[in-house]
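This report refers to the structure that appears directly beneath it.
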Amino acid sequence: MIVNTIHHIAILCSDKEKVLDFYVNKLGFPVIRSNYRPERDDWKIDLQCRDFELELFIMKDHPARPSPEAYGLRHLAFRVESVDAAVAELEEKGILCEPVRTDTFTGEKMTFFHDPDGLPIEIHE
């Protein structure tokens, strides 16, 4: 098997309005598809992120993440041209970021912020 690239990343979310405001309005990912699934009483909304998709599942009554250090997906990381410029833009939109730091291994700038359900998101130069 040869893996070429990521097809999509699935994210469980709790509040449709908050998550769309965050990922679409604030982070700028366009909606590709939006489907209500009555048999599951949830929404599946696909967003475009260059060559792959973010797949949002808006579901009720799921447990909160116990910790970002729990087994499984730790965080999402997106490459940006300038971490400083991205942080300024995010903070103008009301998204708080951790202090910018330097990646120990690459020497590149990076920082974290969180989505409405607490999923850590990294931006990295």
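Data overview
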item: Selected residue (only one of GLU81, GLU39, GLU17 is surrounded by fewer than 16 Cβ atoms within 10 Å (Cβ to Cβ) and assigned to a helix (DSSP H, G or I)); result: GLU17
item: Which listed residue is assigned to a loop (DSSP other than H, G, I, E, B), within 30 Å of ARG40 (Cβ to Cβ) and touching a Gly at 6+ places or on another chain (Cβ under 8 Å), from ALA70, ALA64; result: ALA64
item: Residues of the stretch 20-36 that turn out to be aliphatic (A, V, I, L, M) and outside any strand (DSSP E or B), as a count; result: 3
item: Residue count, the stretch 36-89 (criterion: of a type in the set (S, T, N, Q) and outside the structural domain of HIS7 (by TED's automatic domain parsing)); result: 2
item: Check on CYS97, surrounded by 14 or more Cβ atoms within 10 Å (Cβ to Cβ), closer than 15 Å to GLU125 by Cβ and either within 15 Å of the chain's Cα centre (by Cα) or in contact (Cβ under 8 Å) with a residue 60 or more places away in the chain (or both); result: yes
item: Filter result (at pLDDT 95 or above and farther than 14 Å from LEU27 by Cα) within the stretch 90-106; result: GLU98, PRO99, VAL100, ARG101, THR102
item: Residue list for the stretch 56-74, filter: small (Gly, Ala, Ser) and without any contact (Cβ under 8 Å) to a residue 12 or more places away in the chain; result: SER67, ALA70, GLY72
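The values are calculated or read from the model by the stated rules, or taken from the named source; none is laboratory data. What you are looking at is a predicted structure, and each value in this text was computed from that prediction instead of being measured. All Cβ positions, even for glycine, are placed from backbone atoms using ideal geometry, and neighbour counts span all protein chains on display.
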